[in-house]
Amino acid sequence: MTTINGGSTKGNNGRRSSARNAKTIKLEHKLLLTLGCCVTFLCYRYFFGGSNNDLHGTMMRLGKQRSDADRMNRRNGGILNIRRAMTDPNYSRYEKLQAHMILSAQANLIDVSFRYNGQTLEDDDYSGVIGRFCPLNFQVQKDNPPDSPMFRDVLSKSDGCEPDGDNVIEVDLKEAVTLAREFDAFAKDNEFDATYYNVPKQLQLKGVVFHESRCGSTLAANTMMAMNPVKHRVYSESAPPIAAIKACGELYEDCSVEASANLLRDVIYMMGRSNDPNEENLFFKFQSITTRNMDTFRKAFPETPWIYLYREPVEVMMSQLDVPQMRMANCVRSHTRSEMISRFVARSGYQPSDLDDEEWCAIHLATLCESAIKNLNDADGLGMAVNYHKDLVHDFLDTVFPKHFNVPLDQEAIDRVMKVSGTYSKNRGKQGEFKADSEEKEKKASNGIRKASSLFLDPSFHTLQDSRYNINNW
């Protein structure tokens with residue numbers, strides 16, 4: 001378990017109203033002197049009303065009043081200067097409310113991008129990184145995880161959060177993180193009650209899922225949410241972390257692992273800030289390609305447990321290549337832009353011209369598994385290899401969640417997880433129960449898939465099976 005930068009805000013200390021008013025005045029003076037982001041909450045309390053929902057509603061109403069010219073200017077590259085918006089009287093009320101939304105964790109980090117030829121990533125600093133924020137509707141995922149299994153589903157069901165949406169706010173990420181940390185540290189040091197002062201809390205990063213793809217990772221995300229929808233926040237293949245993890249290149253040719261880890265820490269920090277007083281625990285399922293740069297995550301969060309999900313080679317390849325045109329499968333297309341794949345081919349003794357689509361797919365998957373093996377060995381127990389099978393949910397319930405992620409489960413949590421596991425993990429509102437398909441995939445596999453699996457993917461699969469860090473050895 002990792003508590004990001006200091007843990008959650010303490011609860012109500014029971015002081016009387018006069019003491020609380022005195023603390024408010026102290027807060028006002030401190031913030032006006034330092035131009036810190038606490039002024040956000042002070043102004044909000046005095047001028048905009050009492051609840052977070054009021055703030056969101058006010059922003060929505062003011063947003064509709066913006067002129068077409070102002071909207072166009074925003075979409076043509078203008079970003080919000082948060083500190084100036086909070087201190088400069090010339091900034092509009094709408095822009096001040098946008099700053100409120102970010103610093104109060106009402107608006108969530110939804111994407112990260114880099115200025116063209118303008119970003120700098122160093123071991124302990126960065127610049128030119130743009131953060132895009134928008135108020136997300138996490139409730140749709142909490143209510144029914146299989147209906148909104150991916151981050152993009154939550155995004156599509158959140159008002160105004162499409163790429164050019166009216167509620168999207170672009171800021172300099174470094175400034176946003178600096179101000180957020182400023183306020184969070186001040187609020188913690190002064191023991192401000194999270195509910196009374198509308199102070200965001202920092203969720204505890206409990207566990208992370210890496211995976212080979214098509215091997216039960218979405219089931220893992222859905223069950224992490226179903227365990228306790230009230231207390232859990234789960235990001236399933238969200239955009240910001242992968243941008244940070246891949247920022248320095250597949251082989252860190254553009255900058256160091258320390259530089260990408262520094263950026264990832266800030267990204268996760270912002271995504272782990274919550275204005276929901278009931279939320280406590282934070283989980284991520286990353287995209288499969290991030291496995292190649294697992295070093296970044298481990299450098300950023302050296303004490304956080306993680307798992308790597310993988311699957312029997314023929315089965316995972318059958319899922320990968322189940323597309324109308326095989327050459328368009330993700331595992332095939334990736335070979336044109338991966339130095340890691342090029343090195344794998346070079347040491348195999350083959351020429352690129354010798355390889356067909358099935359073999360390129362197997363090699364792509366093998367590079368993921370080999371990276372996982374290296375990191376499992378280096379992590380010395382923080383990582384766990386978990387093989388897909390039809391009763392995978394019981395591995396989650398019996399070992400991964402309670403023993404590895406250290407999240408206790410009561411009978412109600414188990415019942416919720418079992419209910420979710422009986423539904424196809426990506427049903428998105430359609431009817432249908434989960435049906436195991438491993439035997440069918442084995443029967444239908446072509447000779448080309450079998451040969452490619454045996455030649456390139458079987459070795460890493462068996463190494464994972466025999467690993468001392470495999471779940472079967474716990």
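General observations
- Qualifying residues in segment 420-453 (those that are at pLDDT 95 or above and part of a helix (DSSP H, G or I)) - the one nearest to MET318 (Cα to Cα): ILE449
Residue by residue, here is whether (1) of a type in the set (Lys, Arg); (2) open to solvent by 70 Å² or more (accessible area, probe 1.4 Å) holds:
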residue	(1), (2)
SER438	no, no
GLU442	no, no
GLY448	no, no
LYS451	yes, yes
PHE456	no, no
PHE461	no, no
GLN465	no, no
TYR469	no, no
TRP474	no, yes
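- The one condition in (1) modelled with pLDDT under 90; (2) touching a helix residue (DSSP H, G or I) at 6+ places or on another chain (Cβ under 8 Å); (3) among the acidic types (Asp, Glu) that ASP111 fails to fulfil: (1)
- Candidate set: segment 190-243, residues that are among the aromatic types (Phe, Trp, Tyr) and assigned to a loop (DSSP other than H, G, I, E, B); chosen: the one most open to solvent (accessible area, probe 1.4 Å): TYR196
- Residues of segment 146-171 satisfying the condition of being in contact (Cβ under 8 Å) with a residue 60 or more places away in the chain and assigned to a helix (DSSP H, G or I): PRO146, ASP147, PHE151, ARG152, ASP153
- Contact annotation: residue pairs with Cβ atoms under 8 Å, 6 or more positions apart or on different chains, pairing a residue in segment 378-406 that is under 18 Å from GLU303 (Cβ atoms) with a partner that is open to solvent by 70 Å² or more (accessible area, probe 1.4 Å) and acidic (Asp, Glu), are LEU382/GLU303.
- Within segment 454-474, tally of residues that are free of Cβ contacts under 8 Å to residues at least 60 places away in the same chain and part of a loop (DSSP other than H, G, I, E, B): 1
- Residue check for LEU179: in a helix (DSSP H, G or I), open to solvent by 30 Å² or more (accessible area, probe 1.4 Å) and touching a Cys at 6+ places or on another chain (Cβ under 6 Å): no
- Selection within segment 61-93 - assigned to a helix (DSSP H, G or I), under 27 Å from ARG152 (Cβ atoms) and modelled with pLDDT of 55 or more: ILE82
- Among the residues of segment 119-145, those that are touching a residue at least 12 places away in the same chain (Cβ under 8 Å), closer than 16 Å to ALA244 by Cα and part of a loop (DSSP other than H, G, I, E, B) comprise GLU122, ASP123, ASP124, ASP125, GLY128.
- First in segment 331-355 and touching a residue at least 24 places away in the same chain (Cβ under 8 Å), second anywhere and surrounded by 15 or more Cβ atoms within 10 Å (Cβ to Cβ) and in a loop (DSSP other than H, G, I, E, B), Cβ under 7 Å, 6 or more apart: SER338/GLU250; GLU339/GLU250; MET340/GLU250
- ALA105 passes every criterion in (1) part of a loop (DSSP other than H, G, I, E, B); (2) open to solvent by 10 Å² or more (accessible area, probe 1.4 Å) apart from (2).
- Counted residues, segment 250-271 - those being under 16 Å from GLN287 (Cβ atoms) and open to solvent by 10 Å² or more (accessible area, probe 1.4 Å): 1
- Here the helices (runs of 4 or more DSSP H) wholly within segment 272-391 that include at least 3 residues being among the charged types (D, E, K, R) and either open to solvent by 10 Å² or more (accessible area, probe 1.4 Å) or in contact with an Asp or Glu (Cβ under 7 Å, 6 or more places away or on another chain) (or both) are 294-300, 339-348, 357-379.
- Residues (among the polar types (S, T, N, Q) and open to solvent by less than 10 Å² (accessible area, probe 1.4 Å)) located in segment 142-161: SER148, SER158
The values are calculated or read from the model by the stated rules, or taken from the named source; none is laboratory data. What you are looking at is a predicted structure, and each value in this text was computed from that prediction instead of being measured. Note that each Cβ is placed from the backbone with ideal geometry, even for glycine, and that neighbours are counted across all protein chains shown. With ligands, DNA and RNA removed, areas are computed over all heavy atoms of the protein, side chains included. Shrake-Rupley method; radii C 1.70, N 1.55, O 1.52, S 1.80 Å.
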